[in-house]
Amino acid sequence: MRWGYALILTVLLGGEGLALSAGDFKTAYDLLRNGLCALRITCLLPADMIYPADWRGDVEARLSRSREVLLIGDVRDLQPVIAYLDDWLRTADPTRKQARPQVFAVVPQEQLVWLRGWTENPEIAPLVKVVASSNENEPLGVVARIGLPLVILDNQAVYLPSWWQLEGPTLRQVLTWGRLLVDQIRAAQERKKEVK
């Protein structure tokens, strides 16, 4: 029921072709949520909020400032981000080269080949940590098979490929989970180096 209210409000305030900017939408939603609760109409609207994000104005802008990028899910759904990162990682511009981010990716085992160009390039490979697992009981294996593509940028934002932005307590939990996942990927890569 609570998410039903949020969905209706999203559609009423503009839906996918959002007329308001993301900041204005968030402010309007917070005011409406707190107002409805203060007037004792309903306090059921969730603190979490999902609203459309613009690729060029928001996602790409954040991506260009990110020092760490975590990609989770099906590679095909993450193509805009992967294409942007590939261009950035292969840049010849010395200024841009210094600002390249560390990229972590968790993908299904059968999609590792999609990212082979990164992992086999000696210049790019140190910046990219790609993990996949065929072991169904291993946490990375579970994450890779969830099928919900996520992009986490410097613990600042989480996006799905249709560019819906999350705000609120759930976002903070997802970011904490993302940080733990990055640590697990680093540990897995270190173990791989030790075995070699």
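The values are calculated or read from the model by the stated rules, or taken from the named source; none is laboratory data. Everything numeric here is computed off the predicted structure, so don't read it as measured data. Neighbour counts are summed over all protein chains in view; Cβ atoms, including those assigned to glycine, are modelled from backbone coordinates with ideal geometry. Quick note on the areas: whole protein, heavy atoms, side chains included, nothing else; ligands and nucleic acids left out. Shrake-Rupley method; radii C 1.70, N 1.55, O 1.52, S 1.80 Å.
Among the residues of region 172-190, count how many are of a type in the set (A, V, I, L, M) and in contact with a strand residue (DSSP E or B) (Cβ under 6 Å, 6 or more places away or on another chain).
Of the residues in region 172-190, the ones of a type in the set (A, V, I, L, M) are 174-175, 180-182, 185, 187-188.
Then keep just the ones that are in contact with a strand residue (DSSP E or B) (Cβ under 6 Å, 6 or more places away or on another chain); that gives 174, 182, 185, 188.
So the answer is 4.
Using the structure shown, decide if T119 is of a type in the set (S, T, N, Q), assigned to a helix (DSSP H, G or I) and open to solvent by 20 Å² or more (accessible area, probe 1.4 Å). Against the criterion (of a type in the set (S, T, N, Q), assigned to a helix (DSSP H, G or I) and open to solvent by 20 Å² or more (accessible area, probe 1.4 Å)), T119 qualifies. Only residues that are free of Cβ contacts under 8 Å to residues at least 60 places away in the same chain and open to solvent by 80 Å² or more (accessible area, probe 1.4 Å): list them for region 145-185, please. If the condition is that a residue be free of Cβ contacts under 8 Å to residues at least 60 places away in the same chain and open to solvent by 80 Å² or more (accessible area, probe 1.4 Å), then R145, R172, Q173, T176, W177, L180 are the ones that fit.
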